[in-house]
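Here is the structure we will look at, set down as structure tokens.
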Amino acid sequence: MIRIHRDGGVNVLRFDRPEKKNAITGDMYTALAEGLKAGDSDGDVRCHMICGSPGAFTAGNDIADFLQHAGKSDFAKMPVLQFLDALARAQKPLVAAVDGLAIGVGTTLLFHCDMVFASPRTLIKSPFVDLGLVPEAGSSLLAPRLMGHQRAFELLCLGEGFSAEAAQAAGLVNHVVPEEQLEARALATAHAIASKPVEAMRLSRDLLRGDRTDLLQRMDEEAKLFASRLSSAEAITAFTAFMSKGRG
């Protein structure tokens, strides 16, 4: 599930399904999207913070749930895409506190955050190609801009895992913090952001982010390719093997 609460001017959104390593279901994506939009609409909220459970930020999609949604609905209306759209359009700064697994969307959502804190035991990994798929969340555009082509290829195409230190060197993580201090440090930064003059912060962040048109176009392009890849022989083979392993 997703737990949402307000800590002063900070809208805290927490992955809270530790028994499944915070694997994300459609209902969880819907809650995240609604939580971001509600925070953006609330004049008392000045910053969003996303966090998980000890040892698991999120293991990414709950594959069984994801495949069930993908087989029954218009892909463009899937909850994951509604969340990613809300993330890309978020009007207020985003801080992430990452401890442990940050797989798939757990990695790509970080490209939309303004500040990222990670513990030393963090693993950042995007196994899209291994599943016969393509990157999402605009990561195919944002990752090369931030990390350079070679490191973006290593993360998104080769699917190599990045430690917190490697992600920091690549520019994706701001600070590596011991797990017992992680959330406090991230929350303190979120409160520092929330304490700044609101309009000056909004204008400054918008200048840094620039025009989002190309990002939204890339996200739409990725989604169409992702949807077509789901029915490919490569993806079917990969997902069948994954589900069989899970049942084993």
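The values are calculated or read from the model by the stated rules, or taken from the named source; none is laboratory data. Just so it is clear, the model here is predicted, and its values are computed rather than measured. Counting neighbours? That spans all protein chains shown, and the Cβs are built from the backbone with ideal geometry, glycine included. Heads up: the accessible areas ignore ligands, DNA and RNA and are worked out on the full protein's heavy atoms, side chains in. Shrake-Rupley method; radii C 1.70, N 1.55, O 1.52, S 1.80 Å.
Once you sort the root eigenvalues of the Cα gyration tensor of region 54-148 as a ≥ b ≥ c, which label holds: rounded (a/c under 1.5), prolate (a/b larger than b/c) or oblate (the other case)? In terms of gyration-tensor shape, prolate.
Placing +1 on the Cβ of every Lys and Arg and -1 on the Cβ of every Asp and Glu, with nothing else charged, gives region 4-90 a dipole about its Cα centre of roughly 140 debye. The phi torsions of region 179-194, fed into the Karplus equation with coefficients 6.51, -1.76 and 1.60 and a -60° offset, translate into couplings of 4, 6, 10, 4, 5, 4, 5, 5, 5, 4, 5, 4, 5, 4, 4, 5 Hz, rounded to whole numbers, with Gly and Pro shown as x. The stretch between CYS157 and GLU234, if pulled fully straight at 0.36 nm per residue, gains 26.2 nm over its current Cα-Cα span. Amide H contacts of ALA96 (H built 1.01 Å from N, in plane; Pro and chain starts excluded): ILE50, MET115, VAL116, PHE117 sit under 5 Å, all sequence-distant by 5 or more or on other chains. Sites listed here are trypsin sites (Lys or Arg not before Pro) in region 206-248 whose DSSP assignment is loop and whose Cβ has at most 14 other Cβ atoms within 10 Å: ARG212.
Working note: 222 nm ellipticity from helices only, DSSP H runs with n ≥ 4, each -39,500 (n - 2.57), summed and divided by the residues of the chain, gives -15500 deg cm²/dmol to the nearest 500.
Of ALA90, ALA200, ALA143, the residue with the greatest mean-square motion in the GNM of the chain, using alpha carbon springs below 10 Å, is ALA200. The string of couplings for region 117-129 from the Karplus curve (6.51, -1.76, 1.60, θ = phi - 60°) is 10, 9, 7, x, 8, 5, 10, 9, 8, 10, x, 4, 4 Hz, one whole number per residue in order, with x for Gly and Pro.
When the residues SER140, SER126 are ordered by accessible surface, computed with a 1.4 Å probe over the protein chains alone, the sequence from largest down reads SER140, SER126. Net charge of the neighbourhood of GLU180, taken over other residues with C-beta under 12 Å away and scored Lys/Arg +1, Asp/Glu -1, is -1. Three principal axis extents of region 151-248 based on alpha-carbon atoms, in descending order, are 53, 38, 25 Å.
For the set THR237, THR213, the ranking by accessible area, highest first and with no ligand, DNA or RNA atoms included, is THR237, THR213 under a 1.4 Å probe. Counting protein heavy atoms only, region 83-127 has 54 percent of its accessible area on carbon and sulfur, 1.4 angstrom probe.
Of the chymotrypsin sites (Phe, Trp or Tyr not before Pro) found in region 1-59, not one falls in a DSSP loop while having at most 16 other beta-carbon atoms within 10 Å. Computed on the chain, with alpha-carbon pairs under 8 angstrom and 6+ residues apart, the relative contact order is 19 percent. Under a 5 Å amide H cut-off, with hydrogens placed 1.01 Å from N, LEU123 pairs with GLY100, LEU101, ALA102 among residues at least 5 apart or on other chains.
Is region 104-176 best put as rounded, prolate or oblate by its Cα gyration tensor, with a ≥ b ≥ c the root eigenvalues, rounded for a/c under 1.5, and otherwise prolate when a/b is larger than b/c, oblate when not? Taking the square roots of the gyration eigenvalues as a ≥ b ≥ c, region 104-176 is prolate. Residue separation of GLN181 and ARG89 scaled by 0.36 nm, minus their Cα-Cα distance, works out to 30.2 nm of gained length. What residue among VAL116, VAL134, VAL198 shows peak mean-square fluctuation when the chain is described by a Gaussian network model with Cα springs under 10 Å? Among VAL116, VAL134, VAL198, the largest mean-square fluctuation in the Gaussian network model of the chain belongs to VAL198. Per residue, the solvent-accessible area of the chain (1.4 Å probe, heavy atoms of protein chains only, all protein chains present) comes to 46 Å². Residues considered: GLN168, GLN181, GLN91. Largest GNM mean-square fluctuation over the chain, using C-alpha springs under 10 Å, is found at GLN181. Close amide H pairs (under 5 Å, H built 1.01 Å from N) link ARG46 with VAL10, ASN11, residues at least 5 positions away or on another chain.
Counting Lys and Arg as +1 and Asp and Glu as -1 over every other residue whose Cβ lies under 9 Å from the Cβ of LEU133, the net charge comes to -2. Here region 162-187 and region 190-230 have alpha carbon centers that stand 21 Å from each other. Per-atom-type breakdown for region 171-236 gives carbon and sulfur 58% of the accessible area (1.4 Å probe, protein chains only).
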